[in-house]
Structure formats: C-alpha cells, structure tokens
Amino acid sequence: MIRIAVCDDEVSTCSKIEKAILDFAKGRGFQVETEVFYSGEGLYPFVSEYDLVFLDIMLLEMDGVRLGRKIREELGNERISIVYISSRESYAMSLFSVRPLDFLIKPVIRERLYGTLDTFLRLRENGAGEFLYKAGKSLGRLYLDQILYFACNGKKVEIHASLGGGREFYGNMREVWSQVEGKGFLAIHKSYVVNTAYVSVYRYDSVELSDGVVLPVSQRYRKILREYLTERYGGGR
C-alpha cells in the first residue's frame, strides 16, 4: 500500500491530481491510499504517514517551501518524496535544499504526472535494494537508502551511512558503480559517488549533503552533473 497526500488550496487542482493518481494506480495494478489537504498546517501533523506528497508552493501561512524544509530539517525525514506544484517555473531551481522528487507546472498535465509517478515507483523499488560488500571473511549488507556516499581511499572504499556510522572494504569505484548505477546515485569525482537523495545544495565544483558534509565535483564530472540537473530540474518539463 502506497500512501499519497495532495496539498493545495485549490479544490479543483486537488481533485484532478487525486483522480489522476487513482487512475494511474488502477492501470498499474497497485494499491494506493490518497488524502487531500488544503493547507500546510493541516498536513504537517500527519505528513510522516505518507510516502509521497504533492505540495503546492503558494500556500497561505505555512507555504510549501517552509513545510518541505520542516519535513527535511525538523523531522529529519528523507524518506518522504516531495513533488512541488506551482504556476510559476521560476521556483524550480530554488528548491534543492528540500530535495524534491519533481516539480510540476500548473495546470498539471496528466501524462507529466504519470511520468513522475513512474519515477517514484522506480526509485522506491531501487531504494529498497541492497549494497553488498566483503568485509574480511564476512559479507556486509546495507540498504541503498541508508547510504549517503562512497569515498575511495587508496585500495579501500569507505561507506558513509545515515545509520550506524561508517564502514569500509577493499575495492574500487567500478565495483561500487556496478551495484548503484541507475539507482539514485551520481559519480561526482573519481573518489566519490553520492546518493542524490541526501544532496541539499549543488554547486559548480561541489555538493553539500544534508548533514553538512561538502564533497568536491571534479572537472571531469561537472558536465555530467549539469546534464543531471537539467534533466531533473529543467523547469517543470
């Protein structure tokens, strides 16, 4: 069961998005439970109960940006996927600190929304995946959504995780990439592969994670980073 909240002060927008979600779920054959909220302060006490939130930016009192930051910073919740909706494209590039899944322009086009839901389902499936590594004679395992980034240090790879601190194993970044490619991770340097779900700020030559760690983006990977940002946040395609 996937739980989805739609939060917008326009009743018609909420109805259209909710119906599109239900039609999508019926066509794809999975169970979904939806609930509509008309204010950020109405949603906030219950937001942790949802897997995915469609959130209008221009809400009264607690607007969508403020609510998104409260979810990430006060609640420390990285699990909830946030999709912003707005009639103004200019907001898209200012939302990195909230790490949204997507940004949709009003009026929301059903086919575009379906694409967002497809992305959510794919990332949800991949996020439940595991990273396996050999630690001495033992086999180590971490869920992908627990990993902030990988760092190569000589012949060892360090795994920096959100729970349980760091781990390391003998290996290289090619071995890491073979397990995480296409699963929400991005190579930014020959020595770093980062989980984009934990990136709060993207810069030309560095990225900042939600825990304040800053990692360099080498010249070789800057074009790849620009292409990733254009594809994901290119103005609400």
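The values are calculated or read from the model by the stated rules, or taken from the named source; none is laboratory data. Predicted model, so just to flag it, every value in this text is computed and none were measured. Reconstructed Cβ throughout: ideal geometry from the backbone, glycine too, with neighbour counts over all protein chains shown.
A count restricted to region 183-237 and to residues that are basic (Lys, Arg) and farther than 20 Å from LEU123 by Cα stands at 6. Applying the set (1) in a helix (DSSP H, G or I); (2) among the β-branched types (Val, Ile, Thr); (3) surrounded by 13 or more Cβ atoms within 10 Å (Cβ to Cβ) to THR230 leaves exactly one unmet item: (3). Do we find that THR230 is of a type in the set (Val, Ile, Thr) and at pLDDT below 90 in this structure? Against the criterion (of a type in the set (Val, Ile, Thr) and at pLDDT below 90), THR230 qualifies. Here region 210-223 is the region considered, the condition is being touching a strand residue (DSSP E or B) at 6+ places or on another chain (Cβ under 6 Å) and touching a residue at least 24 places away in the same chain (Cβ under 8 Å), and the residue that is surrounded by the most Cβ atoms within 10 Å (Cβ to Cβ) is VAL217. If the requirement is being under 30 Å from LYS19 (Cβ atoms) and in contact (Cβ under 8 Å) with a residue 12 or more places away in the chain, which of these qualifies: LEU142, LEU148, LEU123? None of the others qualify; the one that does is LEU123. Among residues of region 88-104 being out of contact with any strand residue (DSSP E or B) (no Cβ under 7 Å at 6 or more places or on another chain) and either modelled with pLDDT of 75 or more or aliphatic (A, V, I, L, M) (or both), the one that is surrounded by the most Cβ atoms within 10 Å (Cβ to Cβ) is MET93.
Exactly one residue out of PHE120, PHE103, PHE37, PHE54 is closer than 20 Å to TYR198 by Cβ and touching a helix residue (DSSP H, G or I) at 6+ places or on another chain (Cβ under 6 Å): that is PHE103.
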